[in-house]
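All remarks here apply to the structure that follows.
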Amino acid sequence: METIGFIGLGNMGAPMAGRLLEAGHGLVLHDARPSVAEPLVARGAHWADTPAAVAAATRTVITIVPSSHEVRLVFEGPQGLLSALAPGALCIEMTSADPSATRELAPLVEARGAHLIDAPVSGGVRGATEGTLAIMVGGPAALLERARPVLERMGKNVFHAGPVGAGHAIKLVNNMCSGGILALTIEAVAVAAKAGVDPARAVEIIQASSGRSNASDYKFPKFILNGAFDAGFAIRLMLKDVDGYARLAQEGGVPSLVGRAVTEIYRMAVARGMADLDHTAVARLIEEWAGIELRSKPGDPA
Amino acid sequence: MTRIGFIGVGTMGLPMATNLLKKGFAVTAYDLNPEAVKAAASAGMTAAASAAEAVAGADIVVTMLPSSPHVEAAYSGDGGVINAARKGTLCIDMSTVDPAASRRVAAAAAERGIRFVDAPVSGGTPRAIDGTLAIMVGGSAEDFQAALAALQAMGANVIHVGPVGSGEVAKLCNNLIAGVAAVAVSEAFRIAEGFGVDPKVVTEVIAKSSGNTWVMEHMHPVPGLVARAASTNGYAPGFMTDLMCKDIGLAVDAARNLRIPLFVAPAAQQVYRLASSHGLARKDFTSVYTFLKPSAGTAPV
């Protein structure tokens, strides 16, 4: 089975790489912090000191790093991928990155005779661990088909979004939906609580009614009502994505009244020192504004 | 005679360059649009075939362009101002752009011994024609003094704000407030009218109260209350809705980079974007008032 290059072993990258290893792929790993690779190296993966060394050893390279800034460093920095990609190699860029940066990067990769598709993911740490991520691919269909066996080790739903950059665009759009509906549902449950509805009961009713969403179905019960706040996606990353969405809306000339309120709520959270908290902890900011806590009590609906 | 290379002779640039000409400056004009260059030639300026030709013999270069990318493109590259101008040339960028872009251009210019100030303007086309623009300047005290005579030929209030980029910062802050105020004044007067209260009397009251603003006094969004306001002239710009949207966008982008949460400015920006989608893109920004027209329906409220 093909040996895969894998760069970026954070909250998402490490379990995704773990899935490939389990499936029998050889792995050549790199991360800016060598220590994060140790558990995978202990399971048989190989460490490479630089992105260039990963490119020299493999024909399929996956990258999943915090943002377009790091993508640029990995590809264009000293000892970057671009200095060593083999002709015909395929780069699968899985970061939640800026679509315009991706569109600028693709021709640089093509100039080396290699290929780039963008394939960001949704589904969080749970999806990465269980191999049930949604993967949205931008790039030529033929390259998606080449990547599909590898992508299907990590994700259950692999979508072709459109040309290069389209995967990153729809990822930003999805995260605005996710972050926006979360903020709105938190605010709405606070309003319900002030109006005398127990928060857990309010979530249960919304979930059974037309207001149902990922927020009522999943995030409230798993991360907010129980005070866990550990969905695995930081507020600063949510802010990065909703800001990326706002840029897309601006580029497209689409009025964005709701989206703009959402960006500023997450920016306010960051300004209040919550950047590294889980994105579900934006509930704590809205709770503070409302002067109420949205936690379950004993005997509440599960 | 001071020789000026003027790049960007559009609706604002042409009357500004014409005022330089009137005050005795020798002006060579260039614009990407050949029609604009022809108009400049008809006004008595020397026409240039390229930016490089316009700045080659100039003591001072003035640029008046639509956006940050236009400014960076005009200054950089082989045929750009920084390469084509003589060492020691003073460049005055009067466009409204991201202050960070001004600083990038200034740094690149300094590497080749070219001087740079940002000097965005306020006042719109009428005051550009009258030579009474407000001009806010960012740059060293020495460069400000060197630019002053040319700037005073175009403007009545020329203020040195601080180092490079500061002029743009003042401009963005001003336009954020003016943009928000025009929406607020429009909303308030729609409410007053909804209650059937005479907007002329409300204007007199507010002019003496805490809600008074420049926008209401000079650019009243309600037609017929201020003689020189765009609203009284069918919302002919003035300052177009799309440009206001762009300028608030610059402030919103700057706030993002400074990590400042903003609520009202982005909302106002989106109101202008909506107004733009409703056919008001090239009308004066105060036409946002017409977009806030109440519905005539009988739906319960």
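We did not get these values from a lab; they are worked out from the coordinates using the rules stated. Every value quoted in this text rests on a predicted model; they were computed, and no experiment measured them. When we count neighbours, we look across all protein chains shown, and the Cβ atoms used for this are built from the backbone with ideal geometry, even at glycine.
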> Just for the Cα atoms in chain A, what are the lengths along the principal axes, largest first, rounded to whole Å?
Replying inline: 64, 46, 33
>> Antiparallel versus total DSSP beta bridges in the protein assembly as shown: what percent is that, nearest 5?
In response: 15 percent
> If we count other beta carbons within 10 Å of each Cβ, what is the order of B:F6, B:F116, A:F75, fewest first?
Replying inline: A:F75, B:F116, B:F6
> Using 1/(1 + (r/R0)^6) with R0 = 60 angstrom and r between the beta carbons of A:W47 and B:S295, what's the FRET efficiency to the nearest 0.05?
Replying inline: 0.35
> Using alpha-carbon positions, what is the distance between the centroids of the stretch B:33-83 and the stretch B:107-159, in Å?
Replying inline: 16 Å
> For B:A52, what is the net charge nearby, where nearby means another residue's Cβ is under 12 Å from its Cβ and Lys, Arg count +1, Asp, Glu -1?
Replying inline: -1
> Tell me, B:T28, B:T232 in order of fewest to most beta-carbon neighbours within 10 Å?
Replying inline: B:T232, B:T28
> Shape of the stretch B:208-253 from its Cα gyration tensor (a ≥ b ≥ c, root eigenvalues): rounded if a/c is under 1.5, otherwise prolate when a/b > b/c, or oblate?
Replying inline: oblate
>> I want to verify the translational diffusion coefficient of the protein assembly as shown in µm²/s; compute it with Stokes-Einstein, Rh as the Kirkwood radius over Cα pairs, at 25 °C and 0.890 mPa s.
In response: 89 µm²/s
>> Charges at C-beta only: +1 for Lys and Arg, -1 for Asp and Glu. How large is the resulting dipole of the stretch B:3-163 about its Cα centre, in Debye rounded to 20?
In response: 280 debye
> Which whole-Hz couplings ³J(HN,Hα) result when phi for each residue of the stretch B:239-252 is put into the Karplus expression 6.51 cos²θ - 1.76 cosθ + 1.60, θ = phi - 60°, listed in order with x for Gly and Pro?
Replying inline: 10, 6, 3, 5, 6, 4, 4, 5, 5, 5, x, 4, 5, 5
>> Give me the percent relative contact order of chain B, please, defined on Cα pairs under 8 angstrom at least 6 residues apart.
In response: 12 percent
> Looking at chain B, what % of its DSSP beta bridges pair antiparallel, to the nearest 5?
Replying inline: 15 percent
>> If neighbour count is taken as other Cβ atoms inside 10 Å, put B:D130, A:D241, B:D93 in order from fewest to most.
In response: B:D130, A:D241, B:D93
> Among B:A156, A:A119, B:L65, which residue has its Cα positioned farthest towards the positive end of the charge dipole of the protein assembly as shown, with +1 placed on the Cβ of Lys and Arg, -1 on the Cβ of Asp and Glu, and the dipole taken about the Cα centre?
Replying inline: B:A156
> Put +1 on the Cβ of each Lys and Arg and -1 on the Cβ of each Asp and Glu in chain A; which of A:A89, A:L133, A:F233 then has its Cα farthest toward the positive end of the dipole?
Replying inline: A:L133
>> So if I restrict to the alpha-carbon atoms in the stretch A:169-290, what is the Rg, and what is Dmax, the biggest pairwise distance, in Å?
In response: 14.1, 43
> How big is the C-alpha Rg of the stretch B:169-291 next to the rule-of-thumb value 2.2 N^0.38 Å, as a ratio?
Replying inline: 1.04
> In debye to the nearest 20, how big a dipole does the protein assembly as shown give about its Cα centre with +1 on each Lys and Arg Cβ and -1 on each Asp and Glu Cβ?
Replying inline: 400 debye
> Can you give the three extents of the C-alpha atoms in the stretch A:152-234 along their principal axes, from longest to shortest, in whole Å?
Replying inline: 50, 24, 22
> What shape does chain B have by the C-alpha gyration tensor, where a ≥ b ≥ c are the square roots of the eigenvalues, rounded means a/c under 1.5, and otherwise prolate means a/b greater than b/c and oblate the rest?
Replying inline: prolate
>> What is the distance in Å between the Cα centroid of the stretch A:178-255 and that of the stretch A:22-76?
In response: 33 Å
>> As a quick test, which of the pairs B:K22/B:K87; A:K171/A:K240; A:K222/A:K297; B:K171/B:K246; B:K246/B:K283 have an alpha carbon distance above 20 angstrom in this structure?
In response: B:K22/B:K87
> Just from its helices, what would the mean residue ellipticity at 222 nm be for chain B, if runs of 4 or more DSSP H residues each count -39500 (n - 2.57) and the sum is divided by every residue, rounded to the nearest 500 deg cm²/dmol?
Replying inline: -14500 deg cm²/dmol
> All other residues with a Cβ under 14 Å from the Cβ of B:A265 taken together, and with Lys, Arg as +1 and Asp, Glu as -1, what is their net charge?
Replying inline: +2
>> Please report, in whole Å³, the volume per residue of the convex hull around the C-alpha atoms of the stretch B:115-158.
In response: 58 Å³
> For the stretch B:3-163, what does the alpha-carbon gyration tensor say about shape, rounded, prolate or oblate, given a ≥ b ≥ c as the root eigenvalues, a/c under 1.5 as rounded, and a/b over b/c as prolate?
Replying inline: rounded
> How far, in nm, would the chain grow between B:S277 and B:A207 when pulled straight, counting 0.36 nm per residue and subtracting the alpha carbon separation?
Replying inline: 22.0 nm
>> Of A:A271, B:V97, B:P237, which is farthest towards the positive pole of the protein assembly as shown's charge dipole, taken about the Cα centre with +1 and -1 on the beta-carbons of Lys, Arg and Asp, Glu respectively?
In response: B:P237
> Under unit Cβ charges (Lys, Arg +1; Asp, Glu -1), what dipole magnitude, rounded to 20 debye, does the stretch A:169-290 have relative to its Cα centre?
Replying inline: 140 debye
